[in-house]
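A short write-up of the structure that comes next.
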Amino acid sequence: MQSGHINQYAHLSKFKSAKEFNDSNKIFLNTHRQAFTKGEHIGLLTLIQYSVKIPGVCNAKICKLVQATHAKNKGISRTTFERMLKKGMILGLFTTYKTIRKKGGKSHNVYVFNHFDVSKSEKLTQRVIPQTPVTSSPLATKTVPESISLKSKKIKEKDLRKETLDSLDYTYAPSNIPTQFVKAVKPFFPSARDICALWDRAKIAYNARNYDQPIDEFSDIIIQAFKQTVYRHKRKQIKTGFMQYFYGVLVAMLPMGVRLSSEQRGFVSWLDRFDVETVIAIQGP
């Protein structure tokens, strides 16, 4: 793609109006705000501001966007802005296109925002309660009449309906959820439904990263993110919901699971004493 004037990229816009563009960004920020540090959030708002002329498209150079953050705020560094860009692309907020000059050589990037649909990216699955099959007694020698069998089945189904999904404790959590995660979560969320919702949120954050390792290898990092969220909740420092904050912390901490070996991960318990911004400052994006 060749570099050029902003009007040259108007066909890339995925929004019919600035209002539609802003509404999509509001949904994204309500869902993923905690994934960005304060500085990264300033950078993201600046990029959004420069993408209004043609809704959802920006071709400003990074140096210009970074300079713009110093106009009304303390300003951020280029490194912070680039960290924001990586997170935005990973979370699917926008796509970055590189351009080249007519005479050759790299030029500015073009940022094209995508529609954000929370119902598609964060749809939580509900566990289906299996029905217990009716088994016959080994001592039975006669075939049970069909009418009695149907009556017995109705009674069992009626008893099963008395137990609601919310009444099932952690012992009913699906076997695919790691035992150590259930053990860490159950003192605060004893319901199987809540445990499933937390693990589903973890899987959404994991899938957004496209890691080669199975999610089970990140169990320790996921548990650390949960403990971090509980700590902030106890201090009444969470302005959004518990699930949203947990997701944001996890998005920020997951890269550590790639950089550390399995032996090194056993020594990351000290992270409980740090906040998300400190983790990002130490580990990077």
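At a glance:
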{"item": "Vicinal HN-Hα couplings computed from phi for the range 84-98 (Karplus, 6.51 cos²θ - 1.76 cosθ + 1.60; Hz; Gly/Pro x)", "result": "4, 4, 4, 5, x, 5, 4, 7, x, 6, 8, 10, 9, 10, 8"}
{"item": "Within-12-Å neighbourhood charge of Cys63 [Cβ basis; K, R +1; D, E -1]", "result": "+2"}
{"item": "Members of Lys14/Lys98; Lys26/Lys183; Lys38/Lys239; Lys72/Lys227; Lys14/Lys239; Lys26/Lys186 lying beyond 25 Å, as alpha-carbon distances in this model show", "result": "Lys26/Lys183; Lys72/Lys227; Lys14/Lys239; Lys26/Lys186"}
{"item": "For Asn109, distant residues with modelled amide H under 5 Å away", "result": "Ile62"}
{"item": "Paramagnetic reach from Thr95 (point 7 Å along Cα→Cβ, amide N under 14 Å) across the range 45-62", "result": "57-58"}
{"item": "Theoretical gain in end-to-end length, Asn176 to His41 [0.36 nm per residue, Cα-Cα removed]", "result": "45.1 nm"}
{"item": "Within-11-Å neighbourhood charge of Leu250 [Cβ basis; K, R +1; D, E -1]", "result": "+3"}
{"item": "Inter-probe distance in nm under a simple model that places probes 7 Å from Cα toward Cβ, at Lys102 and Gln2", "result": "0.6"}
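Every number here is computed from the coordinates shown, using simple stated rules; none is lab data. The shown structure was predicted, so the numbers you read here are calculated from the model rather than taken from an experiment. Here Cβ is always computed from backbone atoms with ideal geometry, including for glycine, and neighbour counts include all displayed protein chains.
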